[in-house]
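Written out below as structure tokens is the structure these notes cover.
The values are calculated or read from the model by the stated rules, or taken from the named source; none is laboratory data. All of these numbers come straight from a predicted model, not from anything done at the bench. Backbone-built Cβ (ideal geometry, glycine too); neighbour counts: all protein chains shown. For the accessible areas, the whole protein counts, side chains as well, though only heavy atoms, and no ligand, DNA or RNA atoms are used. Shrake-Rupley method; radii C 1.70, N 1.55, O 1.52, S 1.80 Å.
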Amino acid sequence: MNGSLSSRIGVLIVGHGSREPGSNEEFEKFVSDYSVRRPDLEVRGAYIELAAPDFKSALYEFAKSCSRIVVVPLFLFSAGHTKNDIPLVLDEASRQFPNTEFLPASAIGVHPKMLELLHLRTGDALKKSESRPEKTAVLVVGRGSSDADANSDFYKIVRLFEESNYYHFVMPTFIGITKPQLQESLEIAAKLRPERILVLPYFLFGGKLIAVASERLSSFSANYPWIRTMIAGHFGSDRIVHEILDERIRETILGTGRLPCATCEYREKLPGLTDKVGGLKALLWSVRHMETHSQAAPHAYPHPNLKKHVLVCDNIDCAHKGSGSLIARLRSEIKNSGKQKDFRVTRVSCLGRCGEGPSLVVYPDGIWYQGVQEPDAPEIVQDHLLNDKIVSRLVDSIMQ
């Protein structure tokens with residue numbers, strides 16, 4: 001039997017599988033492109049679920065003709081499929097095919113090259129934009145997982161991306177089964193007053209979830225027309241992902257692995273951070289870090305901060321239009337919610353928007369409302385104060 005087995009290394013790329021034909025076609029294109037890139041390997045593809053060929057059948061068929069197979073999970077992060085489903089099949093396959101060596105590779109994970117890919121996707125999306133980076137918000141959207149490790153890895157790569165650029169702010173969010181959901185994050189982002197919001201899908205392939213993200217972004221744009229919005233492209237069969245697979249296959253064959261601190265900016269030259277630290281700079285940063293921490297001291301009289309402060313104009317014009325009853329209703333609604341320690345309503349003399357009142361502003365969000373009446377108070381308290389959602393129909397025209 002040994003004589004019938006090829007000594008050439010086989011690579012089985014395992015995708016998730018989708019009910020969307022277009023997503024499966026993208027996966028198959030990826031496998032085909034990678035096969036052309038690596039003619040030294042025998043490359044095939046299979047799916048965990050929802051599409052054919054299924055992983056177990058494809059692996060068994062591959063084992064009939066190959067003595068050494070590297071199984072590469074084409075997943076952004078390691079979660080249930082890579083931790084449980086693939087190892088169980090490999091364990092059974094090892095017993096069924098004792099003359100074939102099965103070598104499981106790692107998922108893509110938190111890799112410096114993925115940071116490079118994020119920079120490229122945002123650059124491609126914004127290169128024709130007139131919006132300044134410091135006025136652009138980026139919402140990086142992941143699928144979300146029931147696996148806490150996968151979600152924390154997603155947060156880590158997004159944080160590294162934020163540290164390596166100068167955008168107004170960068171937020172991680174989700175479109176699948178994890179919070180915060182994209183719609184909620186868009187509402188929060190609007191309060192920070194960006195000129196533009198770029199939604200950046202952290203997906204290998206297209207499909208229903210990206211379509212849902214586009215729909216939610218369109219709905220948001222209709223409610224907040226003064227904020228320009230756009231969505232970047234997903235990753236697809238990109239050279240950078242191919243290079244990561246090269247590395248995962250090589251380290252699997254050699255039996256080596258990456259250090260847990262592989263994305264530490266003191267060791268790796270991360271895109272966008274190369275001018276920040278490195279070599280002697282890393283040592284100097286460490287010295288400064290110890291010095292600044294030794295100088296730090298806790299506040300002598302700590303006290304809880306307000307979450308939000310509502311300033312309501314009660315000058316002649318606004319008072320004539322009902323600001324007094326509005327203030328009383330806002331305070332009553334806050335008291336009924338049991339959040340008196342978190343929110344405060346303060347009467348002020350003038351907000352400079354005479355003729356458009358009653359006017360109010362919510363800090364630290366910096367959101368201005370105009371023409372607010374007493375019946376609007378419950379909506380402002382419930383939506384804005386308690387749930388961080390802007391009441392868009394009352395937003396002052398200065399926001400637009």
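Specify the residue that is most open to solvent (accessible area, probe 1.4 Å); the eligible residues are those in segment 227-250 that are touching a Ser or Thr at 6+ places or on another chain (Cβ under 9 Å) and in contact (Cβ under 8 Å) with a residue 40 or more places away in the chain. Step through it out loud before you land on a result.
Within segment 227-250, the subset touching a Ser or Thr at 6+ places or on another chain (Cβ under 9 Å) is 227-232, 237, 248, 250.
Right, trim to in contact (Cβ under 8 Å) with a residue 40 or more places away in the chain and you get 228, 230-232, 237, 248.
Details: ARG228: 97, MET230: 45, ILE231: 60, ALA232: 12, SER237: 39, ARG248: 16 Å².
Only one residue tops the list, namely ARG228.
The single condition among (1) touching a Ser or Thr at 6+ places or on another chain (Cβ under 8 Å); (2) modelled with pLDDT under 95 that LEU217 does not meet is (2). The condition (being open to solvent by less than 30 Å² (accessible area, probe 1.4 Å) and in a helix (DSSP H, G or I)) is satisfied by just one residue among LEU120, LEU90, LEU103: LEU90.
For segment 289-311, how many residues are in a helix (DSSP H, G or I) and at pLDDT 90 or above?
Summing the residues that are in a helix (DSSP H, G or I) and at pLDDT 90 or above in segment 289-311 gives 0.
Go through VAL11, VAL72, VAL31 for me and flag whichever is free of Cβ contacts under 8 Å to residues at least 24 places away in the same chain, within 30 Å of LYS156 (Cβ to Cβ) and crowded, with 18+ Cβ neighbours inside 10 Å. Walk me through how you get there before you give the answer.
Details: VAL11 fails: free of Cβ contacts under 8 Å to residues at least 24 places away in the same chain; VAL72 fails: free of Cβ contacts under 8 Å to residues at least 24 places away in the same chain.
VAL31 is the lone residue from the list that is free of Cβ contacts under 8 Å to residues at least 24 places away in the same chain, within 30 Å of LYS156 (Cβ to Cβ) and crowded, with 18+ Cβ neighbours inside 10 Å.
From the residues in segment 345-399 that are over 36 Å from the mean Cα position of the chain (by Cα) and among the polar types (S, T, N, Q), which one is surrounded by the most Cβ atoms within 10 Å (Cβ to Cβ)?
Of segment 345-399, the ones over 36 Å from the mean Cα position of the chain (by Cα) are 346-358, 371, 373-375.
Add one more test, that the residue is among the polar types (S, T, N, Q), and what stays is 346, 349, 373.
Values: THR346: 12, SER349: 9, GLN373: 14.
The residue in question is GLN373.
Note on segment 44-60: residues that are modelled with pLDDT of 95 or more and under 13 Å from LEU74 (Cβ atoms) amount to 5.
Is there a residue in segment 131-139 that is within 12 Å of the chain's Cα centre (by Cα), under 29 Å from GLU215 (Cα atoms) and either open to solvent by less than 70 Å² (accessible area, probe 1.4 Å) or hydroxyl-bearing (Ser, Thr, Tyr) (or both)?
Of segment 131-139, the ones within 12 Å of the chain's Cα centre (by Cα) are 138-139.
Next, from what is left, pick out any that are under 29 Å from GLU215 (Cα atoms): 138-139.
Now narrow it down to the ones that are either open to solvent by less than 70 Å² (accessible area, probe 1.4 Å) or hydroxyl-bearing (Ser, Thr, Tyr) (or both): 138-139.
Yes.
If you go through segment 176-203 and keep only what is touching a strand residue (DSSP E or B) at 6+ places or on another chain (Cβ under 6 Å), more than 30 Å from TYR369 (Cα to Cα) and in a loop (DSSP other than H, G, I, E, B), you end up with just TYR202.
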